[in-house]
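Some notes on the structure that comes next.
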Amino acid sequence: MARAALRRLHRWLGFTVGLWATVAGLSGSLLVFSDAIDHQLAPSLRPAASALPDSLAYLDRADAMLAQAYPDRVVQSFRLPRAAGDPLSARLAGAPVTEVFIDPTSGTRLGERALYGGVMGVVWDLHVHLLAGETGETIAGVLALALLAALLIGLWLWWPRRGGLARALRVRWSAGPRARLADLHSVGGALTLPLLLVPIITGLMLVFHGPTTSALLHVFGGPDLALPASLPAPTDLRPRQPLSVLVQAGDAALPDARPVSISLPESANLPVIVRQRFPDNSHPNGRSFVAVDPRTAEVLHSHSWREAGTGLRIADFKYPLHIGEAFGLPGRLLVLATGLLPLALLITGGWLWWRKRKAGRAPLRRSASSPS
């Protein structure tokens, strides 16, 4: 009785949560190479020059250009070019939030679009937020928990009761189509479960990052990432220092890391955060931070990824593991292939259900047409 109920639950979850898992898997496969795809779809947002600027003065030129072009908008952050041919991008607050793309060499504006604009922006918003903001992200986390339950139930239903694991792993290639496909569905699901667990668990850690990071710090120890929430009340109205000066201060605090992005404060008593990445850090956005006083360029606090405790290092590893960046190109290709697995399981499971339902109805149709 319990086994039959679990089988029905597995089937029901497979058809409902499986649809979301298919969308999440396919969108995740696309996002593995999102930058390259976006560059092909929107070539006008890429600078003509193929070399990176040789000084940080381009940040000041871009800052001045934005102040003149968008006098009523507040710049929230800058994303620095990471490789030759990448633009400098700035995020402007407002409704909608706008991303402006700038040629770092000439300082000219290449174009703009809304946050999550463009094809890959929509794919990213669908994958992370279900196109519904933070509420959609939470819903995606709940669906991931349901998917995890469906996979574990499927493993329990497949697991041989009296040994015979080798036999359970065989596919009956010479059997009929239905038996062969049933073996492919169950054996394939069991063998690929470790691959599916990686994006599911890391995705859950990303959605519920607060509780999971706290749990990791509690179990493995180490301090949390602590940055100053505010500065002493300003005693004068000195303007913000040039961006190049603030980034240079961050470079001096962590000389072996390179700047990745700059987060600007919303008010005068908040620090500028320069985010940096060490070459041996697999996180594409870096997990090192320097808090700088925007009025004096004084370094208030720095956090080096290399000096983080074990708990925080594990928590920081979830994102590069989720997107495959942790293992370079082979890892990204593996994530791309893993994203196709939910579709394969949905198709094979759906086909098996349809064949079984069709076979169950056939005798009823024959009896209805037979003479009494």
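The values are calculated or read from the model by the stated rules, or taken from the named source; none is laboratory data. Everything numeric here is computed off the predicted structure, so don't read it as measured data. Note that we place each Cβ from the backbone using ideal geometry, even for glycine, and neighbour counts take in every protein chain shown.
Here are some notes:
- Applying the criterion of being within 21 Å of residue 301 (Cα to Cα) and among the β-branched types (Val, Ile, Thr) to the residues of region 214-258, the residue that is surrounded by the fewest Cβ atoms within 10 Å (Cβ to Cβ) is 235.
- Residue that is farthest from the chain's Cα centre (by Cα) [pool: residues in region 274-318 that are in contact (Cβ under 8 Å) with a residue 60 or more places away in the chain, surrounded by fewer than 20 Cβ atoms within 10 Å (Cβ to Cβ) and not in a loop (DSSP other than H, G, I, E, B)]: 300
- When residues of region 259-273 are limited to those that are touching a residue at least 60 places away in the same chain (Cβ under 8 Å) and assigned to a strand (DSSP E or B), the one surrounded by the fewest Cβ atoms within 10 Å (Cβ to Cβ): 263
- Breaking point among (1) within 23 Å of residue 340 (Cα to Cα); (2) in contact with an Asp or Glu (Cβ under 8 Å, 6 or more places away or on another chain); (3) basic (Lys, Arg), for residue 172: (1)
- Top-ranked residue in region 114-128 [being surrounded by 15 or more Cβ atoms within 10 Å (Cβ to Cβ) and in contact with a Phe, Trp or Tyr (Cβ under 8 Å, 6 or more places away or on another chain); ranked as nearest to residue 29 (Cα to Cα)]: 124
- Taking the numbered list (1) out of contact with any strand residue (DSSP E or B) (no Cβ under 8 Å at 6 or more places or on another chain); (2) crowded, with 17+ Cβ neighbours inside 10 Å in turn, residue 139 passes all entries but (2).
- Considering each residue of region 189-206 in turn, at least one proves to be among the polar types (S, T, N, Q) and at pLDDT 85 or above.
- Looking only at region 1-22, residues that are surrounded by fewer than 17 Cβ atoms within 10 Å (Cβ to Cβ) and either hydroxyl-bearing (Ser, Thr, Tyr) or closer than 21 Å to residue 325 by Cα (or both) come to 1 in all.
- Unique residue being farther than 22 Å from residue 117 by Cα and modelled with pLDDT under 95 when the list is 72, 86, 54, 35: 54
- Filter pass, residue 61 being farther than 30 Å from residue 148 by Cα, of a type in the set (Lys, Arg) and crowded, with 17+ Cβ neighbours inside 10 Å: yes
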